[in-house]
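Structure first, commentary second.
Every number in this text was worked out from the coordinates using simple rules, so none of it is lab data. The structure displayed is predicted, hence computed values, not measured ones. Please note: Cβ atoms are built from the backbone with ideal geometry, for glycine as well, and neighbour counts cover all protein chains shown.
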Number of protein chains: 2
Amino acid sequence: MTKVKHRVGIRGNVEAVFQSLVTNDGLSGWWATSASGKAEVGSHIDLTFSGLAVLTFKYVELQSNKVARLKCVSGPGPWQDSELLFELEQSDEQVFLTLTHQNSNSTEDDFLYFSTKWPVYLLSLRDMIESGTGRPYPNDIKIHYGD
Amino acid sequence: MTKVKHRVGIRGNVEAVFQSLVTNDGLSGWWATSASGKAEVGSHIDLTFSGLAVLTFKYVELQSNKVARLKCVSGPGPWQDSELLFELEQSDEQVFLTLTHQNSNSTEDDFLYFSTKWPVYLLSLRDMIESGTGRPYPNDIKIHYGD
């Protein structure tokens, strides 16, 4: 099992940050090309990365403006059975968003990819909240040729 | 002890990537505000982050176009005694640069900072090689308010 963990600080409303994790418009504003689903515990959400992959997640825990935990129930190899835990914390000046991604199937290459790529997507989420424009796939910042 | 590890792919010459790790012009092109030192095993290099900190590293291993290993001999708390291992690998299409940063003193907050910030600086290095312009401190992409 491997785990990556990252944190960004966002100057914005904690509700807006939480919504970016649990709505189709939110998730397609910083991460996936499109999103379709419903954020209820036990419900599924499909994230389409155009021309690349579809990831299906199940929401396994939701605490409004605090926690969103998703389990990948369908997707390419290293995503299978992986779990994303997003934790939000309001401080005086910003909202801290911490992501923990646990994988049971990942290789060293997968680990290096996630460890380097997640900050790019979390900063895309930050930019979406702060400036109105994120960089969802395929407009994400690439971390290697062919990414 | 904590460890972070990241990898980026760079479309450029492996010598140019290596030089970015072992020359004053290189290190101040993507990371520090200014750099002063000499890349020889046992020699020191001072990296100044203007108005923030000075980090002094000792080169402990150098293999031309392959490996640069630096040990921090002076710097703020979490940097003390930490070690940076840069490994280069030429593939057909790009140069893969892998960084391992080991810390003996870091807290969870430090770990989260390094784990999220290193990709930003490694992509600054990539951009310096690919486009001629990196984002050394204080022009780095910030990961939280106050960063």
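Taking the axis that rotates chain B onto chain A, the chain B residue nearest to it by Cβ, with the distance rounded to whole Å, is B:Pro119, 2.
Where only DSSP H runs of four or more residues are counted, chain A gives -8500 deg cm²/dmol as its mean residue ellipticity at 222 nm, each run worth -39500 (n - 2.57). Is the range A:17-82 best put as rounded, prolate or oblate by its Cα gyration tensor, with a ≥ b ≥ c the root eigenvalues, rounded for a/c under 1.5, and otherwise prolate when a/b is larger than b/c, oblate when not? Taking the square roots of the gyration eigenvalues as a ≥ b ≥ c, the range A:17-82 is oblate.
Translational diffusion of the range A:1-54 was estimated from the Stokes-Einstein equation, with Rh taken as the Kirkwood radius over Cα pairs; at 4 °C and 1.567 mPa s the coefficient is 103 µm²/s. Of the GluC sites (Glu not before Pro) found in the range A:1-110, those in coil by DSSP whose Cβ has at most 16 other Cβ atoms within 10 Å are A:Glu40, A:Glu93. Using only side-chain charges placed at the Cβ, +1 for Lys and Arg and -1 for Asp and Glu, the dipole size of the protein assembly as shown relative to its Cα centre rounds to 60 debye. The Cβ shell under 15 Å around A:Val4 holds other residues with a net charge of +2, Lys and Arg each +1, Asp and Glu each -1. Sorted fewest first by neighbouring Cβ atoms within 10 angstrom, B:Val41, B:Val22, A:Val8 come out as B:Val41, B:Val22, A:Val8. Considered as an equivalent ellipsoid built on the Cα gyration tensor, the range A:78-147 has semi-axes of 23, 18, 9 Å, the largest given first. Extension gain, B:Leu52 to B:Gln90: 0.36 nm times the residue separation minus the Cα-Cα distance gives 10.2 nm. Plainly put, the protein assembly as shown has a radius of gyration that is 0.98 times its Kirkwood radius, both from alpha-carbon atoms, as the Rg/Rh ratio.
Counting, for every residue in B:9-16, the Cβ atoms of other protein chains within 10 Å of its Cβ and taking the mean gives 1.
Across the range B:4-147 the C-alpha pair distances fall into 10 Å bins from zero in the proportions 12, 45, 37, 6, 0 percent. From least to most packed, judged by other beta carbons within 10 angstrom and beginning with the fewest, A:Met128, B:Met1 follow the order B:Met1, A:Met128. Around A:Leu123, under 14 Å between beta carbons, what's the net of Lys plus Arg minus Asp minus Glu among the other residues? After counting each charged neighbour, the total is +4.
Put in order of Cβ neighbour count within 10 Å, fewest first, the listed residues B:Ile10, B:Ile143 become B:Ile143, B:Ile10. Just in the range B:34-132: which trypsin sites (Lys or Arg not before Pro) are loop by DSSP and have at most 13 other Cβ atoms within 10 Å? Sites meeting the loop and neighbour criteria: B:Lys38.
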